[in-house]
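K.L.:
Pasting in a structure now, in structure tokens, and then I'll have a few things to ask.
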Amino acid sequence: MRIMLLVALQVLSAVLVTALPPRCDTEIRGHCKPILEEKPKCEDMQLSYCDNMGYTQTLFPNTLGHSSRQEAESGVEYLLMSVLETLLGNECHQEARMLGCSVLAPRCEGDKVLKPCRWVCEAARKRCVHAFEAIEMAWPYFLDCDRFFVADEEGCYDPLHDLKTQSDIDDDYMFLDVPPVDPALKIKFAYHSNAQLNSILKRTEQECSDIARTYSIGRSNEGKELLVIEFSDSPGQHELLEPEMKFVANMHGDEVVGRQLLVYLAQYLCSEYRLGNERVRTLVNTTRIHILPSMNPDGFEMAFSGHQDRNSGTDDDDDGMGRAYSPSNVGRNNAQNIDLNKNFPDLTSIVYSRRRHQRGYRTDHVPIPDHYWFGKVAPETYAVMKWIRSIPFVLSANFHGGDLVVSYPYDRSKHPLDLNLFSPTPDDKVFKFLSRSYASTHESMYTGNTRCGSAYSHRHRGTVNGAQWANNAGGMQDFNYLHTNCFEVTVELGCEKFPPEEDLFISWHENQEAFMSFIEAVHRGIKGIVKDVEGNGIKGARVSLQGIRHDIFTAENGEYWRLLSPGIHIVSASAPGYARAAKKIHLPPMMHSAGRVDFILEKADLDPTKLEEEAASVAAYQRFDPNNQYERYTQMAEVSQARTERVVKPWWWNYFVLPGSPSPTWLLLSH
């Protein structure tokens, strides 16, 4: 049996040998014929997410080495392109997708690949990289402008040409030069995610770089950027005697209308300035306007998620961290469950105590007490306090929701039992004037026809004293007034905190004129420079008004701005080591620009005791977190967060981890 098997194998081997082609002997010329590989040829475009490119033929292997359409479709790169719109929220998704298609499915002509232009890639990256960074995603490696795109000299093409010329221009191109139209028509009246919001602000900065600049004042508890956009004819620079003002919204994460309106305001200022709107151009050229659309981005994310859950019919009262929220307040507080409008130093109570125990008490530049720093200070509060102290703001508005009224200080009631009670500041006339400047130009606030919220019974023509309406300690508007030169009011924008998207268009038109009127209000009153006899500006000089127990301090170059109501005023300026100077002024009711009132102070002998008191007062005011309590707390939090970050990835990570494939760490911003 074994012999028979061996014979059979020998016969089979002989047959196979005779069937094989003759061996190639390289020493015999012409005996070996080279095996010619078939040259790749153009083939029809069959990648569904690339079917609207400006060409119909592609070629494999592609630029990334994918040998076939099937291999390209199974990769993480193509998966990313398919969900860009969801990830980036309509911001830059078309540009990124089409750039990706030019690499994954390269243009083919005459069986040769035509590569995309490097300058197109670089321009798109500059415009869109922030949209990826906003979701903690790196700019995709296959969109590397140096590796996969070429210069004009190499015969490249523009893969975005069709996108720029199509008749139905995408929202990403809302700022292209087009015939003048109503700028509001270019605004997308929908809620924006944090990533979309930051992307719109940075896009606005790019399109109006001569008048706009974005900058960060810090980060939220969960690391989201607190992004500000400013408008000025010299963005990033303070100009002598040009007043600075700010708008802040979304302090409570579930009060979202103000957040959206400030985004629209930024777009409006940019587009109207470019269209030559004389009123807008005058305001931007004479004012430095700072806009912080979201002070509480963490709370907004929670509120937005809860809003979607309620709309979809789900009910989830627990956020997964042991904190229960009712549907009415989900997302109101920050990620630490801190109400940011109760987290500022309660300086109003200090003023009330001074009034009871001190003769000649002051209500300005009240120092932050040291004990404040031993409490729980939210990172958002800390960032805003540093911001307020670093810029000489004159006027401010803080936008909320749930009522329709403008509230002015004090917010903290002077009632000994903390009951609601009318509690005016020394500048009550000025605050009423500022509040009316907004309420009277709002389409429905001034009339009082809309009844909602608890302010209705106390308000007068759309305005109300904060303490008379709802007693609140640790509020931001009281802090602005008592700690700095800034006068802030709170604007409640409507009955619904989170109205339907279709109502945003109405809200914008109701508030558009009020925004402009309020910006113009920063130019009411007086301004000037306090100098010595040699012409040098005196920093830290006091500008006082007879009968008003609230002084303004001069800024770096001795300049000051003092909001005032019309009438006759006695104004004086003083500084340690100088004699006081005073002037009598008259402000007409219809005066729409600040009157110029300068002072020249002469040297004078000063009582050593008073000099020491002044020095002690300045030192106390400059003490900001003197024991580094907040810094220590932050460092501990960062260590804890660093440990967590080793295992926690961005929310989108698991979607791109494919079974049997390497983890796409190139997607991680921190990789």
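The values are calculated or read from the model by the stated rules, or taken from the named source; none is laboratory data. Only a predicted model underlies this, so the values are computations on that prediction, with no experimental measurement involved. FYI the Cβ positions are ideal-geometry reconstructions off the backbone, even for glycines, and counts take in every protein chain you see. Calculation scope for accessible area: heavy atoms of the full protein, side chains included, ligands and nucleic acids excluded. Shrake-Rupley method; radii C 1.70, N 1.55, O 1.52, S 1.80 Å.
K.L.:
Name the residue, out of Ser271, Ser305, that is over 25 Å from His400 (Cβ atoms), out of contact with any strand residue (DSSP E or B) (no Cβ under 7 Å at 6 or more places or on another chain), not hydrophobic (A, V, I, L, M, F, W, C) and not in a strand (DSSP E or B).
P.N.:
On the way: Ser305 fails: over 25 Å from His400 (Cβ atoms).
One residue alone meets the criteria, Ser271.
K.L.:
Can you list the helices (runs of 4 or more DSSP H) lying wholly within the range 116-173 that have 3 or more residues being at pLDDT 85 or above and not charged (D, E, K, R)?
P.N.:
118-133
K.L.:
With under 24 Å from Ala378 (Cβ atoms), at pLDDT 80 or above and not acidic (Asp, Glu) as the only criterion, which of Asn628, Asn654 stands out?
P.N.:
Asn628
K.L.:
Hey, another quick one. Quick one: which residue in Ser517, Ser544, Ser565 is assigned to a strand (DSSP E or B) and among the polar types (S, T, N, Q)?
P.N.:
When all the criteria are applied, what remains is Ser544.
K.L.:
Hand me the list of helices (runs of 4 or more DSSP H) wholly inside the range 388-502 holding 2 or more residues that are modelled with pLDDT of 95 or more.
P.N.:
428-439, 476-483
K.L.:
Moving on to the next point. Which of the residues spanning the range 217-241 are at pLDDT 95 or above and under 21 Å from Glu380 (Cα atoms)?
P.N.:
Matches in the range 217-241: Ile217, Leu226, Leu227, Val228, Ile229, Glu230.
K.L.:
I've got another one for you. Suppose we filter the range 342-366 for residues that are open to solvent by 10 Å² or more (accessible area, probe 1.4 Å) and either more than 14 Å from Thr484 (Cβ to Cβ) or among the polar types (S, T, N, Q) (or both); how many remain?
P.N.:
The total comes to 15.
K.L.:
In addition: Could you grab the pairs with beta carbons closer than 7 Å, sequence gap of 6+ or different chains, first residue in the range 428-439 and farther than 18 Å from Leu482 by Cα, second one open to solvent by 40 Å² or more (accessible area, probe 1.4 Å) and aromatic (Phe, Trp, Tyr)?
P.N.:
Ala439/Tyr446
K.L.:
Could you look through the range 275-284, keep only residues that are touching a helix residue (DSSP H, G or I) at 6+ places or on another chain (Cβ under 9 Å) and over 13 Å from Phe231 (Cα atoms), and pick out the one that is least open to solvent (accessible area, probe 1.4 Å)?
P.N.:
Going through the qualifying residues, I end up with Asn277.
K.L.:
What single numbered condition from (1) surrounded by fewer than 21 Cβ atoms within 10 Å (Cβ to Cβ); (2) over 30 Å from Phe189 (Cα atoms) fails to hold for Glu559?
P.N.:
It is condition (1) that Glu559 fails.
K.L.:
Within the range 606-628, can you find the residues that are among the small types (Gly, Ala, Ser) and either in contact with an Asp or Glu (Cβ under 8 Å, 6 or more places away or on another chain) or farther than 22 Å from Met385 by Cα (or both)?
P.N.:
Ala615
K.L.:
Quick one: in the range 537-552, which of the residues that are in contact with a strand residue (DSSP E or B) (Cβ under 7 Å, 6 or more places away or on another chain) and open to solvent by 20 Å² or more (accessible area, probe 1.4 Å) is farthest from Val618 (Cα to Cα)?
P.N.:
Taking the range 537-552 first, the residues in contact with a strand residue (DSSP E or B) (Cβ under 7 Å, 6 or more places away or on another chain) are 537-538, 540-546, 551-552.
Pick out the ones that are also open to solvent by 20 Å² or more (accessible area, probe 1.4 Å) and you get 537, 540, 542, 546.
On the way: Gly537: 18, Gly540: 9, Arg542: 12, Gln546: 23 Å.
Across the range 537-552, the extreme among qualifying residues is Gln546.
K.L.:
Filter the range 511-536 down to residues that are open to solvent by 10 Å² or more (accessible area, probe 1.4 Å) and within 28 Å of the chain's Cα centre (by Cα) and give me whichever is farthest from His592 (Cα to Cα).
P.N.:
Gln512
K.L.:
So which pairs qualify, if the first residue must be in the range 234-249 and under 30 Å from Phe300 (Cα atoms) and among the β-branched types (Val, Ile, Thr), the second must be open to solvent by less than 20 Å² (accessible area, probe 1.4 Å) and assigned to a loop (DSSP other than H, G, I, E, B), the Cβ gap must be under 6 Å, and the two must be at least 6 apart or on different chains?
P.N.:
These pairs meet every condition: Val248/Met295.
K.L.:
Kindly establish whether Leu269 is more than 26 Å from Gly475 (Cβ to Cβ) and open to solvent by 10 Å² or more (accessible area, probe 1.4 Å). Please lay out each step first, then the result.
P.N.:
Working: more than 26 Å from Gly475 (Cβ to Cβ): yes; open to solvent by 10 Å² or more (accessible area, probe 1.4 Å): no.
Against the criterion (more than 26 Å from Gly475 (Cβ to Cβ) and open to solvent by 10 Å² or more (accessible area, probe 1.4 Å)), Leu269 does not qualify.
K.L.:
Any residue in the range 188-204 that is at pLDDT below 95 and within 30 Å of Ala594 (Cβ to Cβ)?
P.N.:
Checked the range 188-204: at least one residue is at pLDDT below 95 and within 30 Å of Ala594 (Cβ to Cβ).
Listed here are the residues, each with its yes/no results for (1) over 11 Å from the mean Cα position of the chain (by Cα); (2) open to solvent by 20 Å² or more (accessible area, probe 1.4 Å).
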| position | (1), (2) |
| --- | --- |
| Ile187 | yes, no |
| Ala195 | no, no |
| Asn198 | no, yes |
| Arg203 | yes, no |
| Cys208 | yes, no |
| Ala212 | yes, no |
| Ser216 | no, yes |
| Leu226 | no, no |
| Pro235 | yes, yes |
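K.L.:
Filter the range 47-106 down to the residues that are within 23 Å of His130 (Cβ to Cβ) and small (Gly, Ala, Ser), then identify the one that is most open to solvent (accessible area, probe 1.4 Å).
P.N.:
In this case the residue turns out to be Ser82.
K.L.:
Moving to a separate point now. Find all pairs meeting these conditions: Cβ atoms under 6 angstrom apart; at least six residues apart or on different chains; first residue within the range 457-474 and more than 16 Å from Asn398 (Cα to Cα); second residue in a helix (DSSP H, G or I) and modelled with pLDDT under 95.
P.N.:
His458/Gln468; His458/Trp469
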